[in-house]
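Undergrad: First the structure, then my questions, so here it is.
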Amino acid sequence: MPLYDYISTPTGATVALWHLTETEPELAALLPEEERLRLTGEGLSSKRFCEQAATRLLLEHMEATRGALVTHTAEGQPYLPGRPGHLSISHTRQWVAVAWHPTQPVGIDIERTGVQVERVAYRVFGDAELQAHANPAQTHTVWLHLCWSAKEALFKAMPEAGIDFREHLHLTPPDTIEKEGIFTATESRTPARRGYRLWYRTHPEWVMICATPLA
């Protein structure tokens, strides 16, 4: 299917989401000819081609990013040369998400539910994070997925290297888990101890977090 959702978040970021149900030829047919030839010439696997094609199509849906080509810094962070603003990209099986903020660093992460996040929870989450929303069990599982996605999004929004998810990224759990909402986080990787707003959305197949610094 084409564009799944287009969201203007309360944090000022724009998020666009694509559900990858097309075949590689079907996606290729949706691309401008120049972009189709460029991607075809890169020798990508079918999976990578579809992810990059969907990313390109999502960027075309956003006025601020339309016509721009994605480049990456030496650290692997995506950006659009010559365009003011900040870009983040995430993909999980059959889903691709793009976030754009005109003035602030942004990090987007989408994670499929059903993955056994409990296996790594004690290595990457703090005690308060692990104990939040403990009941019922289904809500706790959703919360743990949100924790993982939040830390991935924060990692993308921060320029610093050497970030430890448990030691440096600290989430403040929301009072309740809804379909959509906002909670906050603080980083202790730097002396500034910057705060972040975390906009989230839940779905039967995934959770998604968009992180931006507190003003």
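The values are calculated or read from the model by the stated rules, or taken from the named source; none is laboratory data. Quick caveat, the model's predicted, so the values are computed rather than measured. Positions of Cβ are backbone-derived with ideal geometry, glycine not excepted, and every protein chain shown enters the neighbour counts.
Undergrad: Surrounded by fewer than 14 Cβ atoms within 10 Å (Cβ to Cβ), farther than 23 Å from ASP164 by Cβ and not β-branched (Val, Ile, Thr): is that true of LEU44 in this structure?
TA: Numbers: surrounded by fewer than 14 Cβ atoms within 10 Å (Cβ to Cβ): no; farther than 23 Å from ASP164 by Cβ: yes; not β-branched (Val, Ile, Thr): yes.
Answer is no for this residue.
Undergrad: Please work out if ARG38 is modelled with pLDDT of 90 or more and of a type in the set (Lys, Arg).
TA: Criteria not met by ARG38.
Undergrad: Being among the polar types (S, T, N, Q), under 19 Å from GLY12 (Cβ atoms) and in a strand (DSSP E or B) narrows it down to one of THR212, THR186, so name that one.
TA: THR212
Undergrad: Give the number of residues within region 114-127 that are surrounded by fewer than 18 Cβ atoms within 10 Å (Cβ to Cβ), at pLDDT 85 or above and part of a loop (DSSP other than H, G, I, E, B).
TA: Final tally of qualifying residues: 1.
Undergrad: Looking at region 90-100, which of its residues are farther than 11 Å from THR65 by Cβ, of a type outside the set (Phe, Trp, Tyr) and in a strand (DSSP E or B)? So that I can check it myself, show each step before the final result.
TA: First, pick out the residues of region 90-100 that are farther than 11 Å from THR65 by Cβ: 90-97.
When the remaining residues are screened for being of a type outside the set (Phe, Trp, Tyr), the result is 90-94, 96-97.
Once the filter is applied, which keeps residues that are farther than 11 Å from THR65 by Cβ, of a type outside the set (Phe, Trp, Tyr) and in a strand (DSSP E or B), region 90-100 yields SER90, HIS91, THR92, VAL96, ALA97.
Undergrad: Give me the pairs, please: first residue somewhere in region 159-170 and in the same structural domain as VAL117 (by TED's automatic domain parsing), second residue anywhere and of a type in the set (Phe, Trp, Tyr) and part of a helix (DSSP H, G or I), beta-carbon distance under 7 Å, and either six or more positions apart or on two chains.
TA: Close Cβ pairs (under 7 Å, with a partner that is of a type in the set (Phe, Trp, Tyr) and part of a helix (DSSP H, G or I)) amount to ILE163/PHE155.
Undergrad: Pick out the one residue from ALA54, ALA64 that is under 26 Å from LYS151 (Cα atoms), in a helix (DSSP H, G or I) and small (Gly, Ala, Ser). Even if it seems obvious, please write down each step before you answer.
TA: Details: ALA64 fails: under 26 Å from LYS151 (Cα atoms).
Step by step, each of ALA54, ALA64 is checked, and only ALA54 is under 26 Å from LYS151 (Cα atoms), in a helix (DSSP H, G or I) and small (Gly, Ala, Ser).
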